[in-house]
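What follows is a single structure, written as structure tokens, with notes after it.
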Amino acid sequence: MNFDPTPTQQEIQQMARQFAQEEVAPLARETDESGEFPLHLVKRMGELGFLAATIDPAYGGSEMDYLSYTLISEELGRVDSSVRGFLAVHGSLVSLCIHDWGTEEQKRHYLPHLATGDWIGCYCLTEPNAGSDAASMESTAREDGDGYVINGEKIWITNGGIADIALVFASLDREKRHKGICAFIVPTNTPGFHREPMPGKELGHRSSSHSHITFQEMRVPKGALLGQPGEGFKVAMSALDHGRIGVAAGAVGIAQACLDASVDFARTRRQFGQRIGDFQMIQAAIADMSADIEAARLLVYKAAWLKEQGLPTTRHTATAKLFATEIAARAADQAVLIHGGRGYSNEYPVERFYRDIKGLQIYEGSSHIQRIVIAREVIGREAV
């Protein structure tokens, strides 16, 4: 096995690291406090080829391999989860879905604009009564003449307040549960599409645009359908397989940032006449972080490699997301503890990492759901 990135992958990683450190990191604390997403970075990511990283150049993409895209997500995760989260939704959940399921006309119409950042995408799946159980969604679509009419509501829609294009999931027949769900590509200026910020203040990802979206007799043409009628659940689950790799990579980035900050602090902070890094309990915490990160990174890279080979990845992406988010939560917890009182303030970024990692444990399938996915893949379904 060769664990070394190729020269091209190393170049992409270095480009992403430079962008993250020089253009994203300086804004992270300010945007976290203001709750405003740095929109100018969207076009910049388009220029760098990040927004359509793995998509065919015929549609404006960069045609990167999945590991390269994973490296980008990891580097962004090290500095700002809100920016990385934007990319996961826009690039994985929206653009890749259209690339995988869209007609030629849909791909040529939407993907070039998404690739440049001229249009921003959001993914409208989660509802008040349909989170992990997406098949229970209450949003409906009915055929009406030469189109469909959609009614319902969605919550916690990342990019929802800034998006130009939405992937909307609604059911043609709720009695069929997942087999009745359809996916639609909907411009957000469509009459009947209404959005507002989620109430309250988020624990983390505070500069992300999280929206409550409602559809009131929203009419879309037949050409808005993505995939075939009743294939919406498959579209949604394939998107989450894409997105979970990016989430897992972002968690590795957070964990690495926590380790880096803890090592720097342990080398400079002195107590009882010596560096705190010379105390065995601090060393043990840092050693555990380092070992966990190595293991998580290998799981994430393996999932990306399998995806590049066109092999089944559901179990591996779920495993990577579960393990990476769990170890990142432990790393953030220890980083705050190592920093002591300083870690309790946003003067140091470990405070933000501690808040942000909880979101990664929840969205695109919580840790509980990842365990269910893994177990079902390992055990298999009982023969009838």
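The values are calculated or read from the model by the stated rules, or taken from the named source; none is laboratory data. Please read all numbers here as calculations on a predicted model, not as lab measurements. Cβ atoms come from the backbone with ideal geometry, glycine included; neighbour counts cover every protein chain shown.
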Q. Among E138, E104, which is the only one that is surrounded by fewer than 17 Cβ atoms within 10 Å (Cβ to Cβ) and either closer than 21 Å to G243 by Cα or not assigned by TED's automatic domain parsing to the domain that holds F50 (or both)?
A. E138
Q) among the polar types (S, T, N, Q) and buried (at least 20 other Cβ atoms within 10 Å of the Cβ), is that true of S262? A) yes
**Q.** Residues that are assigned to a loop (DSSP other than H, G, I, E, B) and modelled with pLDDT of 95 or more, drawn from the stretch 139-154
**A.** S139
(Q) Within the stretch 171-182, take every residue that is more than 11 Å from M137 (Cβ to Cβ) and in contact with a Lys or Arg (Cβ under 9 Å, 6 or more places away or on another chain) and give me the one that is modelled with the highest pLDDT. (A) L172
Q: Filter the stretch 33-58 down to residues that are farther than 15 Å from T70 by Cα and of a type in the set (S, T, N, Q), then give me how many there are.
A: 1
(Q) Condition (residue is outside any strand (DSSP E or B), farther than 30 Å from P312 by Cα and in contact with a strand residue (DSSP E or B) (Cβ under 7 Å, 6 or more places away or on another chain)) applied to the stretch 169-182: is it met by at least one residue? (A) no
(Q) Let me confirm something: among E377, E364, which residue is farther than 26 Å from G35 by Cα, touching a residue at least 24 places away in the same chain (Cβ under 8 Å) and either in contact with a strand residue (DSSP E or B) (Cβ under 9 Å, 6 or more places away or on another chain) or of a type in the set (D, E) (or both)? (A) E377
(Q) Given the options R44, R84, name the one that is closer than 29 Å to Y354 by Cβ, touching a residue at least 24 places away in the same chain (Cβ under 8 Å) and touching an Asp or Glu at 6+ places or on another chain (Cβ under 7 Å). (A) R44
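Residues checked against (1) over 26 Å from L360 (Cα atoms); (2) touching a residue at least 60 places away in the same chain (Cβ under 8 Å); (3) crowded, with 16+ Cβ neighbours inside 10 Å:
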site: I162; (1), (2), (3): no, yes, yes
site: A170; (1), (2), (3): no, yes, yes
site: K176; (1), (2), (3): yes, no, no
site: A183; (1), (2), (3): no, yes, yes
site: R195; (1), (2), (3): no, no, yes
Q | Odd one out for I155, checked against (1) of a type in the set (A, V, I, L, M); (2) crowded, with 23+ Cβ neighbours inside 10 Å; (3) within 17 Å of the chain's Cα centre (by Cα); (4) within 22 Å of M198 (Cα to Cα) | A | (2)
**Q.** Hey, G117 at positive phi, surrounded by fewer than 24 Cβ atoms within 10 Å (Cβ to Cβ) and without any contact (Cβ under 8 Å) to a residue 60 or more places away in the chain or not
**A.** no
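To keep it simple, each residue is scored yes or no on (1) assigned to a loop (DSSP other than H, G, I, E, B); (2) small (G, A, S).
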| site | (1), (2) |
| --- | --- |
| W156 | no, no |
| A163 | yes, yes |
| A166 | no, yes |
| Q216 | no, no |
